[in-house]
Amino acid sequence: MIALKDDMPLVQYEGGEVTAFDAGWLTRRLVHAAEKAGYPQWWLAEHVAASVTNYLRYRFAGNVLPAPRLAEAVHSALQVIGYAEVASHFEAGPPPARVSLLELAKKAGSGYELAFFELLARGMQQLLAARAPYLELCDLEACVKELRSRKVWARDCQALREEIVTFLRDHFAAAAHPVTFSVS
């Protein structure tokens, strides 16, 4: 028997891609649908995501959940609580593209910020060319420590952190299509 992470099914998308279910991703998709429906600060997104997560954990019998079936579960939850207009804008969509900034820093080599920014720019260009709608860039603090050759956070780390975030904002602001990204 195979044990799935957190007893959650895998989600299978149209192209055949299979990923682990991510409640944070579902919350972001719900927030996006609510914004389209005219609710810019919709406070129920986390609650609906938690409800769907509990359904999948305790009631869904399979190991692989097709994305359209996930969308049906979300639509049903939204309609039950009286938010059919949010349901009409919800799309399961592709999973977020994840990029480890620490991995890029390790490829560049410690202390080689110029090489890191070049690798980062190339990676972002590839993701934008693939029209990725949502990007998660993770390991920012570990990346900065790697580039600065530090074991603990120092004053000069903050300046590099801000430089990386500004670089990403500028890069995505110039994208030909809308891109949502998070940096952690």
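Residue 48 exposes around 10 Å² of accessible area when a 1.4 Å probe is run over every protein chain in place. Non-local lysine pairs in the chain, meaning eight or more places apart or on different chains, with alpha-carbon distances under 24 Å, amount to 4.
Rank these by accessible area, largest first, 1.4 Å probe: 14, 146, 35.
Numbers: 14 185, 146 55, 35 100 Å².
Solvent-accessible surface, decreasing: 14, 35, 146.
Residue 47 exposes around 110 Å² of accessible area when a 1.4 Å probe is run over every protein chain in place. Using DSSP loop states and a limit of at most 15 other Cβ atoms within 10 Å to flag trypsin sites (Lys or Arg not before Pro), what is the longest stretch of the chain containing no flagged site? Result, exposed sites excluded: 60-130. If you sort 153, 42 by accessible surface, 1.4 Å probe, largest first, the order is 153, 42.
Among 62, 109, 15, the largest mean-square fluctuation in a Gaussian network model of the chain (Cα springs under 10 Å) belongs to 15. Ignoring ligands, DNA and RNA, please state the percent of accessible area on the chain from carbon and sulfur, probe 1.4 Å. Summing carbon and sulfur atoms, their accessible area is 52 percent of the total for the chain.
Mean 1/r over all different Cα pairs, inverted: what Kirkwood radius does the chain give, in Å?
18.3
Label-to-label distance for residue 80 and residue 36 is 2.3 nm, based on points extended 7 Å past Cα in the beta-carbon direction.
Antiparallel beta bridges, as assigned by DSSP with both residues in the chain, represent about 20 percent of the total such bridges. Over region 1-155, average the accessible area per residue using a 1.4 Å probe and give it in Å², no decimals. Ligands and nucleic acids excluded, the result is 59 Å² per residue. If only the Cβ of Lys and Arg carry +1 and only the Cβ of Asp and Glu carry -1, the dipole of the chain around its Cα centre is close to 300 debye. Computed on protein heavy atoms with a 1.4 Å probe, the accessible areas place 83, 58, 39 in the order 58, 39, 83, largest first. The heavy atoms of residue 81 present about 80 square angstrom of accessible area, all protein chains included, probe 1.4 Å. Distance from the alpha carbon centroid of region 76-101 to that of region 1-69 works out to 8 angstrom. Label-to-label distance, residue 50 versus residue 18, with points set 7 angstrom from Cα along the beta-carbon direction: 3.1 nm.
Using only alpha carbon pairs under 8 Å that are at least six residues apart, calculate the relative contact order of the chain and give it in whole percent. Numbers along the way, then the final one.
Working: 217 pairs, mean separation 34.5, N = 184.
Relative contact order of the chain: 19 percent.
Can you show me the helix-derived [θ] at 222 nm for the chain, built from DSSP H runs with n ≥ 4 at -39,500 (n - 2.57) apiece and divided by the number of residues, rounded to the nearest 500. Rounded to the nearest 500, it is -17000 deg cm²/dmol.
The values are calculated or read from the model by the stated rules, or taken from the named source; none is laboratory data. No experiment lies behind these values; they were computed from the predicted model shown. Note that each Cβ is placed from the backbone with ideal geometry, even for glycine, and that neighbours are counted across all protein chains shown. Areas reflect the complete protein model, heavy atoms only, side chains present, ligands, DNA and RNA absent. Shrake-Rupley method; radii C 1.70, N 1.55, O 1.52, S 1.80 Å.
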